[in-house]
Amino acid sequence: MLFFCIFMEDLLSGFSESVDVNRAKAEEFLDEGVIRDIERSTEMESDKVQAAVWTRVARTLRTMSDDFKEPERKSLVDHTLAMMGGGLDFQVIPRQSWIYPDGHRREGDFYMFARGPVYFGEVMLKYAYDVQARKPYCLIDHIQGIQQNEYPDTKGFFGVNVLEGMASYVIEKSRGLIDDGWWLALKAETLPMSRMAAPYSKGVKDRFFDSKSRDVELKSTTLPGVALRTSIYDLNPNRRRVQELLGN
């Protein structure tokens, strides 16, 4: 078994700072109404989940303060909370780090997909800014299924395979973000070979995204203040599955 099939809260929570510290940081960029929205949406969650939410919101807004203005800031928060909605038979849990099969720990804005005590996949997102097009991006760094001995039958609640199900979930939860003028894309670079023991995002590209990648200059939390050349696949609105998910 490549991954543990029980929640390992201490290992997977990452190095999130306290709720109070990051709440105070977020208050610098958000009005009281948005702060209350976060509090209401997370008040029944565990301390670690609350810390993960406040950490990613505060860090992203501080890093991207020169690029994300008031509308983009609220859209980012709304999307973060929407991603936590889950479904009738599965949960989506924010985490600030993940341990890959080779033992490498990577910090970032992860969402762990789980059914009861079993993780069956993870998605890493980044909120970025295209410096040439002057557009905000939600960048899917990667989508990965997790191989386990007790792998749940995700077709029972997704209706499709696990990678397509997770990709569909992200796109559907991004409708508001897209309506607010954001672009959604999949990062073209693959994971290192040692971290590809389980199926990953390459398996969903052709169902939802453009066939050809393009290079853009994106600013994100990866290297604050610096635009990095990144190869991406844009969400393709002409794909049948995308039209079904976005109601077009």
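The values are calculated or read from the model by the stated rules, or taken from the named source; none is laboratory data. Note that the structure is predicted; figures quoted are calculated from it, not measured. Because the Cβ atoms are built from the backbone with ideal geometry, glycine has one as well, and the counts that use them run over all protein chains shown. Please note that ligands, DNA and RNA were not included when accessible areas were found on the heavy atoms of the full protein model with its side chains. Shrake-Rupley method; radii C 1.70, N 1.55, O 1.52, S 1.80 Å.
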(message) Please list, in order, the residues from segment 157-184 whose amide nitrogen is less than 15 Å from a point placed 7 Å along the Cα→Cβ vector of Leu88.
(response) 157-160
(request) With the full set of protein chains in place, find how many percent of the accessible area of segment 86-130 is carbon and sulfur; take the probe as 1.4 Å. (result) 51
(message) Can you compute the FRET efficiency between Val160 and Arg214 using 1/(1 + (r/R0)^6), with r the Cβ-Cβ distance and R0 = 30 Å? Round to the nearest 0.05.
(response) 0.65
(message) Which entries of Lys69/Lys135; Lys69/Lys187; Lys69/Lys219; Lys74/Lys173; Lys126/Lys212; Lys135/Lys219 have Cα-Cα distances beyond 19 Å here?
(response) Lys69/Lys187; Lys126/Lys212
(message) Under the 0.36 nm per residue contour assumption, what length would be gained going from the current alpha-carbon distance of Val131 and Asp66 to full extension?
(response) 22.3 nm
(message) Can you give me the C-alpha center-to-center distance between segment 111-133 and segment 17-51, rounded to a whole angstrom?
(response) 19
